[in-house]
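Take a look at the structure below.
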There are 2 protein chains.
Amino acid sequence: MEIQVVKHVLDANLTVANQNREKFRRHGVFVVNVMSSPGSGKTTLLEKTLTRLASELRAAIIVGDVSTTHDAERLARSGAPVVQVNTDAFGGDCHLAAHVIAGALDSFDLSRLDLLIIENVGNLVCPAEFDIGEDAKAVVLSVTEGEDKPVKYPLMFRVCDVAVLNKIDLLPYLEYDRDAAVAYIHQVHDGMPIFELSAKTEQGMEAWLGWLREQVARKRSK
Amino acid sequence: MEIQVVKHVLDANLTVANQNREKFRRHGVFVVNVMSSPGSGKTTLLEKTLTRLASELRAAIIVGDVSTTHDAERLARSGAPVVQVNTDAFGGDCHLAAHVIAGALDSFDLSRLDLLIIENVGNLVCPAEFDIGEDAKAVVLSVTEGEDKPVKYPLMFRVCDVAVLNKIDLLPYLEYDRDAAVAYIHQVHDGMPIFELSAKTEQGMEAWLGWLREQVARKRSK
């Protein structure tokens, strides 16, 4: 019975996700759903991403948290429009659902955007199941979390298009096997592009930014 | 409607949790449910905990993951009996539910145990809602995750009895405000005991082990 219920919730979610998707298509805005555990450095990554793309792309961000507006305050420093969603208002949901995004879209003029980033609730499990109408999904993993998270949380790595390995500035202080980490990712998602970077020092950021630029250009030309 | 369904699932879970609790009471075994994000160092903490308590307490562990038996293999090195539960078999659940624990209990002779540790699925949101019949709940947070997770995931810190701040060996390489971290924890859970330690170097482990010993002794004397 529980499975039937879950199926119903996911079907209802997909209907709204498709409406979001159609809206994004109409306005030619590229939408990326960024997911990770709590504490992977997602917010710092996105703050730096928005700052570095500010002069070339019109970007905005929706940030989801169970509670607080800390992340929105940090992201606002980039100058990009930010909407904070707190799932506390939706029963403390552990993920962003499509209807929550649909509501947040009223805060933006989509016709004036090239890129919309959605920072999901910190959680490596549940958000993987919820389509929100995005063009691409990215998972961020901190190297401090160890190598084997992709095989322990395989759905997340299977559904995401790219992986970011963050906090590589801490590698000298960790027992971390880089080849094993990459092998685990490719074990669950063959050929998955991986961006190894430090959002803090900005080492390795360029490849990630290049990927985003490419996706935005492709979406615009459609 | 969704809220009704969630209530039904939680009520059904509580019935089984109470059966587990009664079983634990009968055998005088102290049960602690250990929760955290993926990559907080839970498994290393528990491996060291079991190894250090091996000569004085009869301990066992149930370890939950969506997928893989990596953690069980690591924990087995301590010599304690280990049962791995994969929630893949239960629809990829993002938490351990009471019936999953009930099933795993068949693998142990509870009358021969003083301490049962349950390592939950890595997730700072969902496991907080599921009572599994435990005596105490502990949350583990890595200092690499930053200071503000307690206010962003308040339910977890509200329901847990103690917090462990792990990976303090990395503090020299992080921008981390220890006083802010403690203040955030106490903002959501006034007076919550906090154990600051490094499972890797074992610095600070003694206070955590002392807390466990005390709980076991208290349960035995009941």
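What follows draws every value from the coordinates through simple rules; no lab data is involved. No experiment lies behind these values; they were computed from the predicted model shown. FYI the Cβ positions are ideal-geometry reconstructions off the backbone, even for glycines, and counts take in every protein chain you see.
Across the range A:126-133, computed HN-Hα scalar couplings (Karplus, 6.51 cos²θ - 1.76 cosθ + 1.60, θ = phi - 60°) run 5, x, 4, 8, 10, 5, 10, x Hz from first to last residue, x flagging Gly and Pro.
Shown for B:95, B:27: other C-beta atoms within 10 Å of each C-beta, ranked fewest to most, produce the order B:27, B:95.
Picking from A:63, A:16, A:139, which is most flexible by a Gaussian network model of chain A using Cα springs under 10 Å? In the Gaussian network model the winner is A:16. With its label point defined 7 Å out from Cα along the Cα-to-Cβ axis, residue B:111 lies at 7.8 nm from the matching points of the other copies, in increasing order. Between residue A:136 and residue A:26, the simple spin-label model (points 7 angstrom out along Cα→Cβ) gives 2.5 nm. Per-residue 3J(HN,Hα) values for the range B:154-161, derived from phi via the Karplus relation 6.51 cos²θ - 1.76 cosθ + 1.60 with θ = phi - 60°, read x, 4, 4, 6, 6, 7, 7, 8 Hz in sequence order (x marks Gly and Pro).
The separation of the range A:75-129 from the range B:49-107, counted between C-alpha centres, amounts to 35 Å.
Select from the range A:175-222 those GluC sites (Glu not before Pro) which occupy a DSSP coil region and have at most 11 other Cβ atoms within 10 Å, ordered by residue number. Spell out each step's value before the answer.
Values: sites: A:175, A:196, A:202, A:206, A:214; in loops: A:175, A:202.
Passing sites in the range A:175-222 are A:175.
Computed with the Debye formula from one identical point scatterer per Cα of the range B:151-201, without solvent, the log10 of I(q)/I(0) at q = 0.25, 0.32 Å⁻¹ comes to -1.01, -1.24.
In summary, the protein assembly as shown shows an alpha-carbon radius of gyration equal to 0.98 times the 2.2 N^0.38 Å reference for compact globular proteins. With the simple spin-label model, which puts each label point 7 Å out from Cα in the Cβ direction, the residue A:175 to residue B:73 separation comes to 1.5 nm. Rounded to whole numbers, the Karplus 3J(HN,Hα) couplings from phi for the range A:26-41 are 4, 9, x, 9, 7, 10, 10, 9, 9, 10, 4, 5, x, x, 7, x Hz, using 6.51 cos²θ - 1.76 cosθ + 1.60 with θ = phi - 60°, and x at Gly and Pro.
Short-range pairs are left out: with C-alpha atoms under 8 Å and at least six residues apart, the relative contact order of the range B:11-220 is 26 percent. Based on every Cα atom in the range A:30-119, Rg and the maximum pairwise Cα distance Dmax equal 12.4, 38 Å. For the range B:88-187, chymotrypsin sites (Phe, Trp or Tyr not before Pro) meeting the loop criterion (DSSP other than H, G, I, E, B) and having at most 13 other Cβ atoms within 10 Å: none. When residue A:55 is represented by a point 7 angstrom out along its Cα-to-C-beta vector, the spacings to that point in the other copies are 6.4 nm, nearest first. Taking a sphere under 14 Å around the Cβ of residue B:191 and counting the other residues whose Cβ falls inside, with K and R at +1 and D and E at -1, yields a net charge of -1.
Inter-copy label distances at residue A:7, shortest first and taken from points set 7 Å along Cα to Cβ: 2.6 nm. Compactness check for the range B:11-220: Cα Rg over 2.2 N^0.38 Å is 0.96.
Excluding residue B:24 itself, what net charge comes from residues whose Cβ is under 10 Å from its Cβ, given Lys and Arg +1 and Asp and Glu -1?
On the way: positive: B:21, B:23, B:25, B:26, B:219; negative: B:22, B:134, B:135.
Summing Lys/Arg as +1 and Asp/Glu as -1 gives +2.
Are there any GluC sites (Glu not before Pro) in the range A:1-107 that are in a DSSP loop and have at most 15 other Cβ atoms within 10 Å? List them by number.
On the way: sites: A:2, A:22, A:47, A:56, A:73; in loops: A:56.
Here the sparse-neighbourhood loop sites are A:56.
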